[in-house]
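Below is one structure, written out as structure tokens; comments come after it.
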Amino acid sequence: MWRTAWAQALANRRSFVAQMAVMVVNDLVWIFFWQVFFRRVGSVRGWTVDDMMVLYAVLALAVGLVLGALANLRFLGPLVADGELDGALALPMDPLGFLALRQVSPVSVGDIAFGIGLFAVVGHPTPARTALFVAVTVAATAVLAGFLVVLGSLAFVSGTGGAGDLGLSAIIVFSSYPINIYGGALRLALFGLIPAAFVGSLPAQLVQHPSPGRALLLAGGVAAFGGAGWLSFRLGLRRYTSGATWTGV
């Protein structure tokens, strides 16, 4: 199924590459901004320009994997609200897995290329750091995917699919900045309510400053939000009402 989705996305290779390039240019603008910013201020609450580059490498790759390679997760809410899961439920495979792998977004695949390239250029890669970078990025991807599935599953109850875009915008914005600039209740919310800390700052800190405590905290985030995503979707299916439509979702 995933091979078919990639084949469809690559059917027009020029368009695919052009859309990827647009996202890479967009990402480069942010890197230019942070390079200029840290040259002027030096550091922000212990975060240096190298820390920010690793954060953006992890964030870009995780976002690219979820929104690019698993693009349908972003649209799970509208699919549920419009009663368009019929095609997935009729297949001899897990419906959530089918939905996740069914579509590839060329624009967001640009984030995948950018995240890998950024770490290769400025992340000081060594075999150990590269393995750690891959591990924390997989964890960040799982948290982000689980969070989007939870938001999409709200449509089983609310009947509307708008929560996904709002939540996605919030988690990407908060993940783009060091967790240290937030304080009090907001910092706690970024670990529990909107898990931005698990997608950006915590994985980057693990690459830059490995510690068992941070690793356990990240693993706990993966278990919590990955499990919440799977459970919310399974429970939501019990409430699903068919839209009497046959669709390739």
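All of the numbers you see were taken from the coordinates with simple rules; none came from a lab. Bear in mind the structure is a predicted one, so any value in this text is a computation, not a measurement. Because the Cβ atoms are built from the backbone with ideal geometry, glycine has one as well, and the counts that use them run over all protein chains shown.
Once the Cβ-Cβ distance between Asp94 and Leu10 is put in as r, and R0 is 22 Å, what FRET efficiency do you end up with, to the nearest 0.05? Let's see the in-between values first.
Working: r = 25 Å, r/R0 = 1.14.
So, using R0 = 22 Å, E works out to roughly 0.30.
Mean residue ellipticity at 222 nm from the helices of the chain, using -39,500 (n - 2.57) per DSSP H segment of n ≥ 4 over the full residue count, to the nearest 500 deg cm²/dmol?
Values: 14 runs with 178 residues, N = 249.
Taking each H run of at least 4 residues, the total per residue is -22500 deg cm²/dmol.
Counting Lys and Arg as +1 and Asp and Glu as -1, each charge on the Cβ, what is the dipole of the chain about the Cα centre in debye, to the nearest 20?
Working: 14 positive and 9 negative charges, 57 e Å.
Dipole magnitude for the chain comes out near 280 debye.
With the crude spin-label approximation of a point 7 Å out along Cα→Cβ, what separation in nm comes out for Met1 versus Arg214?
About 3.6 nm separates the two model spin labels.
Taking percent of Cα pairs over 28 Å apart straight from the coordinates, which label in [x] 49; [y] 35; [z] 28 is the correct one?
The value computed from this structure is option [y].
Using modelled backbone amide H atoms (1.01 Å from N, in-plane), which distant-in-sequence or interchain residues come within less than 5 Å of Trp47's amide H?
Here the answer is none, since no amide H 5 or more places off falls under 5 Å of that of Trp47.
So who's got an amide H within less than 5 Å of the one on Arg102, skipping anything under 5 residues away but keeping other chains? H placed 1.01 Å off N, in plane.
Asn72
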